[in-house]
């Protein structure tokens, strides 16, 4: 029994290794981007999770495996410029001395209190804050209108509060949509705020729509959690002669949160590589099959002795 169990566990381990490491690296494509899963990757973009990037080189689109291929983490550039955009999985950084190539980070970004130490381990230095990824912050980190409108860190698309972007919801028996393209950083009254539009998905000629402006205050990251507060201001762009109903504002998350809520912050420096959802489901299936076959053998033996 112990021998069979060891064989089972070894098989599961090998499956996870294969899933975690197998990929087609540096494959060229002639479409307007790299062929990746169902949606593809455009030039200079990074896949969800940071394992692949796409670059346009010498007339071809190149798909890089950021853990294996040199220049993958730097999006095709021969060197990585510290404090600029790179593509790596969580807990990794773009190491120039390795290719550039994604290497495992052995220190936490939020523990660094100066720019030199922050950049030395491949973190981002954002206006006096060291962070693993810019998306841990909001548009409110920009301190002037030029930085806000330029939004070099794309916080209007990936920063705090942007989880509403590209979604739809129902309130007061009406369907609403928040177009992802409408999400942006906007300078308003000496503050950089997250702005997004809320539109009726279907209307009968009379359109109601409004813009939501949100500014955020973020507490320190302590033991992987931090407090966050925000102020929200709806600005009617069309309709709503009596004002936007509170039920719609709540559904659109366009209301104040002055009491503060907790959110996860920072990213663990050590992760188990190669064990994702697919490998988990396959492992679960193998275990179930193993015990089913074992049970059938036991039942067969019982029948023989009856």
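With the simple model of a label 7 Å out from the Cα in the direction of the Cβ, residue 70 to residue 120 spans 2.6 nm.
In region 91-192, Cα pairs under 8 Å separated by at least six residues give a relative contact order of 19 percent. Based on C-alpha pairs under 8 angstrom that are at least 6 apart in sequence, region 145-264 has a relative contact order of 20 percent. In this simple spin-label model, placing a label point 7 Å from the Cα along the Cα-to-Cβ direction at both residue 43 and residue 227 gives a separation of 4.8 nm.
Any read-out appearing in this document is the output of simple, stated calculations on the displayed coordinates, not a laboratory observation. Model, not experiment: these values are computed from the prediction. Note that we place each Cβ from the backbone using ideal geometry, even for glycine, and neighbour counts take in every protein chain shown.
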